[in-house]
Amino acid sequence: MGKSKIYSKIIFSKTPQNDLEEWIKGYDTKKIYLATEEKVDRLWDRLINELVEKHAIRKVVLPSGEENKKLESVSMLWEFLSNNEADRKSLLINIGGGMLTDLAGFAASTFKRGIDFVNVPTTLLSQVDASVGGKTGINFNGLKNEIGTFREPVAVLIHTGFLQTIDNDNFLSGFAEMIKHGLIHDTSHLEELKSFDLNHIEYDRLKEIIEHSVDVKAYFVSHDPTEQNIRKALNFGHTAGHAFESLAMEQGRPVLHGYAVVWGMITELYLSVKNTGFSETECNELIRWLIGIYGKFDISEQDYERLFMLMTHDKKNESGRINFTLLEKPGQMKINQHCTREMIYDALKYYRGL
Ligand SMILES: NC(=O)c1ccc[n+]([C@@H]2O[C@H](COP(=O)([O-])OP(=O)(O)OC[C@H]3O[C@@H](n4cnc5c(N)ncnc54)[C@H](O)[C@@H]3O)[C@@H](O)[C@H]2O)c1
Ligand SMILES: [Zn+2]
């Protein structure tokens, strides 16, 4: 795959302190700030505080969790920057998962009309997905990522060592996005994911496959930064997946994003068999593999209508038709596939019967 044309420098780092130190050399030492969140600050206390103390960097620790990806946290960060005399030449270092990098990226992209920021993603999901593509944002008015900007960090520093402290569910949630990358664009990536031993994680191997996954994301982002056409490939599994995610939330049994994406991918693989000629045998094999890892989120017949409604609310849809990204075969996707209510009910029925 060709090198991406994205603006951010993506650095795969074995020694994040050293690489960050190299990076911050270009900035006035008095104008460097660091944002992280409570859990990451606690778990990675030594790494963060060594850096902060050595360079007299001002640090702010925001509350963890998706529920804190909100305006109040942005406001805290703006206040921190403002009270500490940050100016347009400042640099903000964001260390955390996708919640923190989205939130702090948004704060940086709006403070004084935008200051430089470096993202140091600490979860698998944020390393393979949120780190690349320049989308920043917060949840607002009950809606996910309702407010945000497109602005790329000047650098993204990916250190797989951070993943040694994440729990299995969050690991698998990120792994789901990697599977998506394999399915939409890169069969050799898909194969390496299939053979990856999830019970005994080999970190050197993991680093390699993360690089391949980031390449896929960067490919789509660089060819279509503002999602006019082929970047929609990245929505594979997400139209149905977001509906599962919202339903789960409504029913008081929330699930992690990547899990919902897997159940969405299963539904959309079935739609691919029906609409874009995806092989049924291959579909069955993939579904067996996915359910083996992620299990299944049980739905009842009464949930079909709600799931369908949730899909129509998805922002990717125009005039009542539901727009999917489907697959023709592994590694080959097709955007703008419109499916009817009947087809979707059929797919949900299939999913329920698995
Ligand atoms: N900008 C984008 O293109 C993009 C893409 C995908 C997802 N996202 C956003 O990313 C967010 C989800 O990202 P996420 O899954 O990283 O969520 P998250 O940042 O909330 O992290 C998940 C959990 O892991 C903890 N954590 C973080 N790093 C850890 C570490 N090294 N060890 C142990 N625990 C750690 C967090 O405190 C949290 O409890 C969502 O808000 C989503 O909208 C953005
Ligand atoms: Zn996703």
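The values are calculated or read from the model by the stated rules, or taken from the named source; none is laboratory data. Source: prediction; values computed, not measured. So basically every Cβ, Gly included, is an ideal-geometry build from the backbone, and we count neighbours across all protein chains shown. SASA here: full protein model, heavy atoms, side chains in, ligands and nucleic acids out. Shrake-Rupley method; radii C 1.70, N 1.55, O 1.52, S 1.80 Å.
Assorted remarks:
- Segment 157-170, subset open to solvent by 10 Å² or more (accessible area, probe 1.4 Å) and touching a residue at least 40 places away in the same chain (Cβ under 8 Å), residue nearest to residue 90 (Cα to Cα): 159
- Of all residues in segment 131-156, those that are of a type in the set (Phe, Trp, Tyr) have Cβ atoms under 8 Å from Cβ atoms of residues that are within 16 Å of ligand 2 (Cβ to nearest atom) and in a strand (DSSP E or B), 6 or more apart or on another chain, in 150/135; 150/136.
- Matching residues, segment 227-250, being within 13 Å of ligand 1 (Cβ to nearest atom) and under 18 Å from residue 339 (Cβ atoms): 235, 237, 238, 241, 242
- Of everything in segment 116-125 that is within 11 Å of ligand 1 (Cβ to nearest atom) and of a type in the set (Val, Ile, Thr), the residue that is surrounded by the most Cβ atoms within 10 Å (Cβ to Cβ) is 120.
- Qualifying residue in segment 256-271 (condition: of a type in the set (Asp, Glu) and touching a Lys or Arg at 6+ places or on another chain (Cβ under 9 Å)): no
- Top-ranked residue in segment 204-218 [being within 20 Å of the chain's Cα centre (by Cα) and free of Cβ contacts under 8 Å to residues at least 60 places away in the same chain; ranked as surrounded by the most Cβ atoms within 10 Å (Cβ to Cβ)]: 209
Condition check ((1) open to solvent by 40 Å² or more (accessible area, probe 1.4 Å); (2) within 16 Å of ligand 2 (Cβ to nearest atom); (3) among the β-branched types (Val, Ile, Thr); (4) on the phi > 0 side of the Ramachandran plot) across all residues:
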{"position": "110", "(1), (2), (3), (4)": "yes, no, yes, no"}
{"position": "127", "(1), (2), (3), (4)": "no, yes, no, no"}
{"position": "140", "(1), (2), (3), (4)": "yes, no, no, no"}
{"position": "145", "(1), (2), (3), (4)": "yes, yes, no, yes"}
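- Meets criteria (farther than 28 Å from residue 176 by Cβ, of a type in the set (S, T, N, Q) and touching a residue at least 12 places away in the same chain (Cβ under 8 Å)) for residue 110: yes
- If the condition is being of a type in the set (Val, Ile, Thr) and under 17 Å from residue 105 (Cα atoms), then segment 41-65 contributes 60, 61.
- Qualifying residue in segment 82-98 (condition: open to solvent by less than 10 Å² (accessible area, probe 1.4 Å), assigned to a helix (DSSP H, G or I) and at pLDDT 95 or above): no
- Any hit, segment 260-271, residues being open to solvent by 20 Å² or more (accessible area, probe 1.4 Å), away from ligand 1 (no atom under 16 Å from the Cβ) and of a type outside the set (Val, Ile, Thr): yes
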